[in-house]
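A quick write-up on the structure given underneath.
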DNA sequence: CCTGAAAACATCGATAG
DNA sequence: CTATCGATGTTTTCAGG
C-alpha cells in the first residue's frame, strides 16, 4: 500500500457512500461545472435552485449532483466555521520535520494529530518539511502548548516552525 | 483602516446577507456546537435531520442555524471539490515574499492572485514570507507557468518557494 | 433529457411551558 | 429561551415517457 493513497481527502466521519479518491480525471461537461460552481459557492443551495441557475430540470440536476458525489468530484459538503467566532482567534501554520527513522510512522502520527481540535488541515509535503499544519488556538499559550506538548514532545518530531496567520481567504475559483 | 480587517474570510460572491467578520467570540452552547459539528461534516444535512441528531425541535434548530449564520460563526457552506478529479492532479504550496516597498499594495496584488483558478486559498503570514498560496495545477508545466508568469513576473514579488503537496486532509474536528 | 405527481421538508405564526 | 402544533408552500424523489 502506498504511503499517500490519494492527492487529497475529506474530513472525519464522512457522509460518504463509497467515494473513490479519484486518481484520474472524471469527465465533466459544462453543466457539471456550473453545478459545481454553484455548490462551491453555497453548498446549501436547494437542488431546484441549482437546476434553475444552470438551466436544467431539477431531476436532471439531482442525478448529476449524485453522480458528481459518487464519482468523487464532490468530496463532501462542509460548513465553513469561523474559528475566531468560536473562541479561537489565533491561526498559525506549523511546519513539521520528522526524524528520518520516523517517516514510516508518519501516517499514524498524523492521524493522531489531525484529530485534535486545533488542527484545521494537514498538508503532506514533498520538500524539506514532512508536513504543514493549519491550526487555530485560543491564545498564544494554547498555541505554545500545542506545538511544545503535542508536537515537539514526540521523539518522531525533529523540528517545528510556527508562522502566525494574519488572514486566510479562500480562492475565488474554489477548485475550478 | 487595518491592513487585515479580519482573521479569515470566505470566497468570492458569497451567498451572504451581512455576516460580520467576528473579531470577538460569539456565545454558543452545547446545542449550537452539536449543530455546527453536524454541518461541518455534511453541510447539506436537512434541517429536520440536524434537529433530530442534536435532539431539538426543527423550529429551534432552524432558528439556531440562522443565528449562527448571521452572527458569522458559520461563514458559508461549500462543496469540497477534488482537484484531481477535475483534471488538476498537482497541488503545491507557494510561499511568496514581496519587496518591502510593495507591502502597501499587498491587498490588491493578492486580490488579483486569488481569482485565478489555480488558487485554492491564500494565507497572509506574520513571519518572513508575506503569504502562502495553496494552488493546484494540471501538470508541472502549468505549475511552473503560474509561479513564473503569474507570480515572479511581477516586480512586487521578491521571491517564491514552491513545495509539492502529496496529500491534503482536513482536520477531523473542523474548527471546534 | 424531460414532465408530473407523491412524499418529505422548510417555514411561519400562534400557543404554551 | 424552548417546544409543539398545524397550515402552507417548496423541495426532493421517483416513475415513466
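See the values below:
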{"read-out": "Rounded, prolate or oblate (a/c below 1.5 giving rounded, otherwise prolate when a/b exceeds b/c) for region A:18-108 by Cα gyration tensor", "value": "oblate"}
{"read-out": "Prolate/oblate/rounded label for region B:30-70 (Cα gyration tensor, a/c 1.5)", "value": "rounded"}
{"read-out": "Rg(Cα) / (2.2 N^0.38 Å) computed for the protein assembly as shown, rounded to two decimals", "value": "0.97"}
{"read-out": "Contour excess over end-to-end distance, with Cα ends at residue B:27 and residue B:112 and 0.36 nm allotted per residue", "value": "27.0 nm"}
{"read-out": "Evaluated at q = 0.11, 0.13, 0.15 Å⁻¹: base-10 log I(q)/I(0), Debye formula over Cα of chain B", "value": "-0.61, -0.80, -0.98"}
{"read-out": "Protection-proxy order for peptides A:122-130, B:48-56, each taking the mean of Cβ atoms within 10 Å per residue, highest first", "value": "A:122-130, B:48-56"}
{"read-out": "Gaussian network model of chain A, springs between alpha carbon atoms under 10 Å - residue of A:160, A:110, A:27 with greatest fluctuation", "value": "A:27"}
{"read-out": "Helix-derived mean residue ellipticity, 222 nm - over chain A, DSSP H n ≥ 4, -39500 (n - 2.57), to 500", "value": "-8000 deg cm²/dmol"}
{"read-out": "Cα-based shape type of region B:84-165, given that a ≥ b ≥ c are square roots of the gyration tensor eigenvalues and the cut on a/c is 1.5", "value": "prolate"}
{"read-out": "Projected label distance in nm at residue B:161 and residue A:100, using a 7 Å step from Cα toward the beta-carbon", "value": "2.1"}
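Since every read-out is calculated from the coordinates, none of them should be taken as a lab result. From a predicted model like this one, the values you see are computed outputs, not experimental measurements. Cβ atoms come from the backbone with ideal geometry, glycine included; neighbour counts cover every protein chain shown.
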